[in-house]
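Each remark here refers to the structure printed beneath this line.
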Amino acid sequence: MRHPIRFLWRVASAASLVLLLCPPARAASPEDHPAVPAILARTESLFQSMKSRDYPAIFAALSAKSRETIVAETVSALAAAKKRRPGETTAADTPSAPAKASPPDPEAVRSDFIAGGPTARDYWDAFLRRFDPDIALERSRWEIGSVGKDRAEILLTHHGADHPARLQLFREDGGWKVGLVETFWPR
């Protein structure tokens, strides 16, 4: 039969030795995630593209949901603009004009955004009249929020603001894309 005191002493000694030899585990910080440099680079490149008005680069940096939402909203706005207001004459009222204007083609609008065409220029110029990318680039503090396998968050706190904007990014097609719609559009 074992001696209970000696047995407890050996177990306690072994446990102490294990604890001394194994340093406590440190919780991994989001900043330590290997994807952080790519996440920060993508975000900065989006704001730099906005600043330089590189319309194809802006569109390419966006998540699939953001691109699709922007195309759909633009198609709707173009269709609404084509509708005739009561009492207003249009080219469609002339005998040589077609009887009815066709709705905008979503694929043509998407192609225009990809190429940085006139619709894209109009859209992004209007957007940038209300949003100054220098606010994010020069007048905000950037912090890494959560970082997962396919989703990340950057906290952008404008100087003097109480709460940060939580910019969402998504891993798509092997790279990080900015969720402009997911972050800023009302839900």
* **Subset of the range 162-187 (residues that are touching a strand residue (DSSP E or B) at 6+ places or on another chain (Cβ under 9 Å) and either among the aromatic types (Phe, Trp, Tyr) or free of Cβ contacts under 8 Å to residues at least 12 places away in the same chain (or both))** => His163, Phe170, Trp176, Phe184
* Structure fact -> Only unsatisfied item for Lys100, checking (1) at pLDDT below 55; (2) open to solvent by 60 Å² or more (accessible area, probe 1.4 Å); (3) not aliphatic (A, V, I, L, M), is (1)
* Of the conditions (1) at pLDDT 95 or above; (2) exposed (fewer than 13 other Cβ atoms within 10 Å of the Cβ); (3) touching a helix residue (DSSP H, G or I) at 6+ places or on another chain (Cβ under 7 Å), Glu107 clears all except one; give me its number. => (3)
* **Scan of the range 58-86 for residues that are modelled with pLDDT of 95 or more, open to solvent by 30 Å² or more (accessible area, probe 1.4 Å) and of a type in the set (A, V, I, L, M), ordered by number** => Ala60, Ala64, Ala72
* **Pairs, first more than 16 Å from Leu46 (Cα to Cα) and without any contact (Cβ under 8 Å) to a residue 12 or more places away in the chain in the range 129-156, second in a loop (DSSP other than H, G, I, E, B) and of a type outside the set (A, V, I, L, M, F, W, C), C-beta under 9 Å, six or more apart** => Gly148/His33
* Structure fact -> Among strands (runs of 3 or more DSSP E) completely within the range 133-187, the ones holding 1 or more residues that are over 28 Å from Val71 (Cα atoms), charged (D, E, K, R) and open to solvent by 20 Å² or more (accessible area, probe 1.4 Å) are 140-147
* Any chance the range 118-127 includes a residue that's open to solvent by 60 Å² or more (accessible area, probe 1.4 Å), out of contact with any Cys (no Cβ under 9 Å at 6 or more places or on another chain) and either modelled with pLDDT under 95 or aromatic (Phe, Trp, Tyr) (or both)? -> no
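The values are calculated or read from the model by the stated rules, or taken from the named source; none is laboratory data. This one's a predicted model, so the numbers in the text were calculated from it and none came from an experiment. Virtual Cβ from ideal backbone geometry, glycine too; neighbours counted across all protein chains shown. In case anyone asks, the SASA skips ligands and DNA or RNA and just uses the protein heavy atoms, side chains included. Shrake-Rupley method; radii C 1.70, N 1.55, O 1.52, S 1.80 Å.
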